[in-house]
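Notes for the one structure printed next.
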Amino acid sequence: MAQKSKATFQKREREKEKQQKQKDKEARRVEARKVKAEREPNMGHEDPDIAGIKPGPQPLPEQWQWAVRQDNQK
């Protein structure tokens, strides 16, 4: 009988852990919804990572300008 009681106790502990995990997960979801609702909407529909980039060749960054000057001198 002692074994059966231990198994029941362990099962109850697993159930408690599972319920706590579900509560934590729901709390994270609620927080994510709140953060998403507070965030300003992206009205420009433009990816901020590529904002301002035009198709075609891009100007060289300042660190590479010396290479352009050397090519022009040749």
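The values are calculated or read from the model by the stated rules, or taken from the named source; none is laboratory data. Values in this document were obtained by computation on a predicted structure and should not be read as measured data. FYI the Cβ positions are ideal-geometry reconstructions off the backbone, even for glycines, and counts take in every protein chain you see.
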Does segment 33-56 contain at least one residue that is at pLDDT 85 or above and aliphatic (A, V, I, L, M)?
yes
Any chance segment 40-55 includes a residue that's free of Cβ contacts under 8 Å to residues at least 24 places away in the same chain, assigned to a loop (DSSP other than H, G, I, E, B), aliphatic (A, V, I, L, M) and touching a helix residue (DSSP H, G or I) at 6+ places or on another chain (Cβ under 8 Å)?
no
